[in-house]
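This report refers to the structure that appears directly beneath it.
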Amino acid sequence: MKLSNNSIATRNRRTSRYTNMKFLLACVAVALGHGICAFQLSMVASRAPFGPPTTGTSSASRIPNNRYTTNRRQPATTVTKPNNSVTSTLISNLACMALKRRLKDQTLVTCDLTTDSNSLLMGRVGPVTVKGRSWRSSLGLTCRAIEATVDECRLDMGRIITNQKLVLTTPAEGRAMVALSAADFGNFITHPLMVPPNPPRVEGVPMTGQLEFLKDDVRINTAQASVVFYGTFAGAKWEFTLQRSQSGKRALITVAFADGQERSSGMDYHQVAQALTDSTSHFFNEMVFELDGTFLSFNDMMVTDKGKEPSVMLSLMITVRKFPSPGLEF
């Protein structure tokens with residue numbers, strides 16, 4: 001049967017509307033699944049957010065103006081949609097709004113991502129970069145600044161369309177840089193999800209409880225490029241000094257008996273300090289901080305005096321195996 005030109009045009013319009021609607025539903029499912037990579041990097045999160053992004057790292061350089069910013073110092077929120085990527089703008093907008101809802105406080109949240117219609121339909125999204133300042137979580141985790149990037153997420157689009165559920169087909173990997181003040185570092189080492197290492201076994205030393213880090217009296221020494229904090233073990237208070245190892249991208253923690261305490265004649269404090277040095281240094285370098293399927297591990301560190309107060313910058317590696325539950329507190 002031969003179709004008239006009007007019939008062909010009508011069928012083409014219907015097919016086009018159906019294709020566009022299917023694509024839009026897929027985009028909305030991705031954005032509303034509370035699993036877009038941007039949310040998963042809310043802990044720590046690449047290059048520090050104190051200067052221009054490195055070429056090829058931030059998607060902002062590839063999609064001008066494709067940024068959604070929430071700033072409580074600027075009550076008005078503006079959204080700019082670039083002509084070449086309405087879809088990526090939709091996803092980044094919703095990602096930022098979802099992240100803001102999960103933070104107790106913040107002064108800046110931005111989300112940049114790169115995608116196009118063909119890549120999204122094939123399940124590819126990325127890179128995704130989240131930047132923020134003065135973040136505070138519901139459980140008291142804080143940071144002065146954060147920038148985190150996942151290079152690419154591969155998603156099961158069939159599950160998205162049929163179940164409206166985000167499922168990664170392969171783990172997503174990336175990197176992050178977090179700037180912590182002294183108070184932030186104290187919040188980090190005493191956070192409920194941060195479990196200190198098991199106490200070392202020292203001959204002749206009674207095991208009286210676990211090693212426990214203390215939140216107060218943290219100092220960042222820019223002259224020595226170190227962070228000093230305290231903890232208790234075996235009935236005594238110990239001073240921990242965190243520095244970048246001279247051998248490269250490793251952390252070195254040196255432990256000493258804290259001043260102002262009486263020494264017990266039955267304890268070899270030098271031996272205990274050396275055992276704590278070994279165990280905490282190994283713990284920090286091998287530490288994996290998990291957020292319900294998102295894993296953060298130590299990569300490198302530096303101390304800087306930029307800003308109003310000194311800060312320690314932690315470089316972290318990120319692996320996302322599954323998207324955290326929407327109700328997760330951190």
- Item | Every residue from the range 161-200 that is in contact with a Leu (Cβ under 6 Å, 6 or more places away or on another chain) and small (Gly, Ala, Ser) | 176
- Message: What's the total number of residues in the range 216-272 that are touching a helix residue (DSSP H, G or I) at 6+ places or on another chain (Cβ under 7 Å), basic (Lys, Arg) and within 21 Å of residue 316 (Cβ to Cβ)?
- Response: 1
- Message: For the structure I just gave you, tell me whether residue 180 is buried (at least 18 other Cβ atoms within 10 Å of the Cβ), at negative phi, out of contact with any Pro (no Cβ under 7 Å at 6 or more places or on another chain) and at pLDDT below 95.
- Response: no
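If you take the residues in the range 238-283 that are outside any helix (DSSP H, G or I), under 31 Å from the mean Cα position of the chain (by Cα) and among the charged types (D, E, K, R), which one is nearest to residue 226 (Cα to Cα)? Explain how you work it out, then say what you get.
Initially, the range 238-283 is screened for residues outside any helix (DSSP H, G or I), giving 238-268.
Of the ones still in play, those that are also under 31 Å from the mean Cα position of the chain (by Cα) are 238-255.
Still in the running and among the charged types (D, E, K, R): 239, 244, 249-250.
Numbers: 239: 12, 244: 8, 249: 15, 250: 13 Å.
The selected residue is 244.
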- Taking only the range 100-115 into account, find how many residues are crowded, with 24+ Cβ neighbours inside 10 Å and modelled with pLDDT under 80. 2
- Return the only residue of 133, 159, 201 being in a strand (DSSP E or B) and among the basic types (Lys, Arg). 133
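The values are calculated or read from the model by the stated rules, or taken from the named source; none is laboratory data. Here the structure is a predicted model, which means the values were calculated and not measured. Note that each Cβ is placed from the backbone with ideal geometry, even for glycine, and that neighbours are counted across all protein chains shown.
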